[in-house]
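All remarks here apply to the structure that follows.
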């Protein structure tokens, strides 16, 4: 309970922890998946595993858009940007993700024009400020971010911007959850549902998980109390043999989602027939591509991309860790060849990746404890 | 990546309905209101911002709590870096891009 005093409202957190202990049947082993990388980060950062009883296991889900993108897509993006007329623009967390020839940052060091933007609309500004160059924006993210890319494409069209395109790598959360549930080696009792994806898609898209798969799912906020309360709600449902969608994050997530955001996405995007995910393989209808009505701003239509399938380095076990089959520390490269300072795979690069989270909050703690024991 | 940054609307632009000037921890930048078309915020409202777009309206209390959560997550600096980076890092005072 060492972190509890630092939290806001420690009494409520203690109450939630007590309720969890009361509800968790001692003879039962609970496997709850938090889908979203933001929740993974929060769980490690707040030391929530220490607050939970031993028989509640939190499994990390695939909700980290940087982590699930196969290396080949990074290579494709960088290939397009090899033309000296092209400016490669992306969010900060893309910059250190490894491709086979290095990360965008490493390409920058070798002379490629690589720029960080903090908003897709700033990629448009970049294009307007550099009329003699072509700005290619590498778009990633789940449904939280896709609407912003959609509005940006609509703006590019209304401006008639000729020197701008987007390389679209947006993925959708529901097919990933379905793939997890269809996986034979994955036995789960319930889900802590994504917080910010749900502000866009609402809570309805999760109803099949409860109705068909008979698993409860609670959409959760990101504070320690939110996550603990969500676990209380899951355990209550499991105790009563129920399976429903519940919304713990009501203060931010509307049940119906954001209609304007969904409309923008429908205007600009359509589903790809299939898309490859690290760890989960090819999943049908799980990613967005730009509609032909916006073809002029679709980097995949303007440029020739190799479209090579690239597997991760042989020794790296990113796929298995992503699927939840291995814990981060069980990967042979973890903590040795692969650390946040020199990452081999995307799960160590992103702050939402479970390897980075585990390394920064758990691994260091264990190392300290081991050193203390060794010197005693 | 999933950073949702709370900010206060300090100015709206009559000639640009989909932009607002937002203040986060003393830093002022323009954000896009296009996703809140159906529930437009007014001056003084608080919003949650993600990659330069306002995603939802929230109460002032929730905004303060969210700042606290970001700080607890160790992401306050990243959040401020993101806000400062909006508009390619330009200070307000530049005319809206039309």
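The values are calculated or read from the model by the stated rules, or taken from the named source; none is laboratory data. Bear in mind the structure is a predicted one, so any value in this text is a computation, not a measurement. Virtual Cβ from ideal backbone geometry, glycine too; neighbours counted across all protein chains shown.
Data table
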quantity: Of all residues making up the range A:318-333, the number that are over 14 Å from residue A:60 (Cβ atoms) and either in the same structural domain as residue A:180 (by TED's automatic domain parsing) or not in a loop (DSSP other than H, G, I, E, B) (or both); calculated: 0
quantity: Qualifying position, being in contact (Cβ under 8 Å) with a residue 60 or more places away in the chain, closer than 30 Å to residue A:349 by Cα and in contact with a strand residue (DSSP E or B) (Cβ under 6 Å, 6 or more places away or on another chain), among B:5, B:49; calculated: B:5
quantity: Residues that are within 14 Å of another protein chain (Cβ to nearest Cβ) and either closer than 22 Å to residue A:195 by Cβ or touching a strand residue (DSSP E or B) at 6+ places or on another chain (Cβ under 6 Å) (or both), drawn from the range A:264-291; calculated: A:264, A:265
quantity: Selected residue (only one of A:340, A:313 is without any contact (Cβ under 8 Å) to a residue 40 or more places away in the chain, within 14 Å of chain B (Cβ to nearest Cβ) and closer than 16 Å to residue A:103 by Cα); calculated: A:340
quantity: Filtered residue count, the range A:96-149, keeping only those that are farther than 21 Å from residue A:353 by Cα and either more than 21 Å from the chain's Cα centre (by Cα) or more than 14 Å from chain B (Cβ to nearest Cβ) (or both); calculated: 26
quantity: From A:341, A:352, residue being closer than 24 Å to residue A:195 by Cβ and either part of a loop (DSSP other than H, G, I, E, B) or touching a helix residue (DSSP H, G or I) at 6+ places or on another chain (Cβ under 6 Å) (or both); calculated: A:352
quantity: Residues satisfying the stated conditions in the range A:321-334, i.e. surrounded by fewer than 20 Cβ atoms within 10 Å (Cβ to Cβ), touching a helix residue (DSSP H, G or I) at 6+ places or on another chain (Cβ under 8 Å) and in contact (Cβ under 8 Å) with a residue 24 or more places away in the chain; calculated: A:327, A:329
quantity: Hits in the range B:1-18 - residues which are surrounded by fewer than 14 Cβ atoms within 10 Å (Cβ to Cβ) and not in a strand (DSSP E or B); calculated: B:14, B:15
quantity: Among the candidates A:230, A:183, residue that is more than 14 Å from chain B (Cβ to nearest Cβ) and closer than 28 Å to residue B:70 by Cα; calculated: A:230
quantity: Hits in the range A:173-196 - residues which are under 30 Å from residue B:36 (Cβ atoms) and in contact with a strand residue (DSSP E or B) (Cβ under 7 Å, 6 or more places away or on another chain); calculated: A:173, A:175, A:176, A:177, A:191, A:192, A:193, A:194, A:195, A:196
quantity: So residue A:63, is it more than 12 Å from every other protein chain (Cβ to nearest Cβ) and in contact with a strand residue (DSSP E or B) (Cβ under 9 Å, 6 or more places away or on another chain); calculated: no
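Okay, residues lined up against (1) more than 18 Å from residue A:280 (Cβ to Cβ); (2) in contact with a helix residue (DSSP H, G or I) (Cβ under 8 Å, 6 or more places away or on another chain); (3) touching a residue at least 60 places away in the same chain (Cβ under 8 Å):
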residue	(1), (2), (3)
A:114	yes, yes, no
A:160	yes, no, no
A:196	yes, yes, yes
A:202	yes, no, no
